[in-house]
Amino acid sequence: MDMNIVCLDLEGVLVPEIWIAFAEETGIPELKRTTRDEPDYDKLMKYRINILKEHGLGLKEIQDTIAKIDPMPGAKEFLDELRAMTQVIIISDTFTQFAGPLMKKLGYPTIFCNSLEVAEDGEITGFKMRIENSKLTTVKALQSIGYQTIASGDSHNDLGMIKASKAGFLFRSTEEIKKEYPELPAFETYDELMDAIKKAL
């Protein structure tokens with residue numbers, strides 16, 4: 001039997017973008033920037049932390065917004081069906097402090113993500129990346145212990161793991177990314193993605 005692991009991005013693939021939801025909730029348009037707009041994640045997070053500081057917003061406010069976010073329609077069913085046939089890991093640049101409530105709604109899949117540094121008063125003071133270039137590095141590590149990976153994501157920071165996998169797919173990506181990487185199959189629905197993954201397994 002093939003030793004496959006499907007590696008999925010979280011935001012934009014299974015759940016809506018957390019920062020966009022928070023930007024809408026707070027009315028701070030600058031927080032709408034995501035890795036689709038700013039490929040340099042380090043730069044993006046420092047920018048976000050500064051805006052939070054300016055507005056006096058902390059972890060609690062973001063978690064209050066996250067509590068209201070539901071997975072995308074069909075995401076849990078897609079994940080359940082996928083996990084019934086193969087191993088699945090969600091590899092995300094989000095943070096454990098954000099992901100928890102969403103994992104509950106998705107039936108507690110395995111997630112590898114990063115961690116925020118939070119002061120006692122709830123101010124987000126920094127962040128700790130689990131490892132440099134975490135998605136690609138994680139996929140390569142899985143391959144080094146005998147797994148074949150199949151990967152899907154929507155953003156710049158997913159391209160490394162998508163291209164390094166035996167099969168990789170864009171899912172609900174931007175027109176720019178699709179144009180830039182015409183060789184990558186791009187899907188809009190869970191049914192299409194499921195069919196492609198089944199063929200690759």
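The values are calculated or read from the model by the stated rules, or taken from the named source; none is laboratory data. As the structure is a computational prediction, the values presented were derived from the model and not from experiment. Cβ: placed from backbone, ideal geometry, glycine included. Neighbour counts: every protein chain shown. What goes into the accessible areas is simple: the full protein's heavy atoms, side chains included, and nothing from ligands, DNA or RNA. Shrake-Rupley method; radii C 1.70, N 1.55, O 1.52, S 1.80 Å.
Couple of notes before you dig in:
- Applying the Karplus relation 6.51 cos²θ - 1.76 cosθ + 1.60 with θ = phi - 60° to segment 95-108 yields 3J(HN,Hα) values of 10, 3, 5, 8, 6, x, x, 6, 5, 4, 5, 9, x, 6 Hz, where x marks Gly and Pro.
- Scanning residues 5 or more positions from residue 122 or on other chains, none has an amide H under 5 Å from its amide H, with H placed 1.01 Å from N in the peptide plane.
- The Cα atoms of the chain define a convex hull whose projected area, averaged across directions, is 10.9 nm².
- Integer Hz, Karplus 6.51/-1.76/1.60 couplings in order for segment 40-51, x for Gly and Pro: 7, 5, 4, 5, 4, 5, 5, 4, 5, 4, 4, 5
- Note, ³J(HN,Hα) from phi for segment 87-92, Karplus 6.51, -1.76, 1.60, rounded to Hz, x at Gly and Pro: 7, 9, 10, 8, 10, 10
- Set of lysines near residue 166 by C-alpha distance (under 20 Å), chain-local residues within fewer than 8 positions excluded: 135, 140, 178, 198, 199
- Taking 13 Å as the straight-line reach from the Cα of residue 68, the aspartates and glutamates in range (excluding those fewer than 8 positions away in the same chain) are 17, 24, 25.
- Sites residue 130 and residue 2, calculated FRET efficiency, Cβ-Cβ separation with R0 45 Å, nearest 0.05: 0.95
- Formal net charge of residues neighbouring residue 121 (Cβ-Cβ distance under 15 Å; K, R +1; D, E -1): -2
- Residues whose placed amide H lies under 5 Å from that of residue 127, excluding near-sequence neighbours: 117
- The relative contact order of segment 1-128, computed from alpha carbon pairs under 8 Å that lie at least 6 residues apart in sequence, is 30 percent.
- Extension gain (nm, one decimal) between residue 105 and residue 87, 0.36 nm per residue minus Cα-Cα: 4.6 nm
- For the peptides 50-56, 187-193, residues were scored by their other Cβ atoms within 10 Å and the scores averaged per peptide; the highest-first order is 187-193, 50-56.
- Accessible surface ranking that places the most exposed of 123, 183 first, with a 1.4 angstrom probe: 183, 123
- Packing around the peptides 83-96, 22-35, 63-76, taken as the average count of other Cβ atoms within 10 Å per residue, puts them in this order, highest first: 83-96, 22-35, 63-76.
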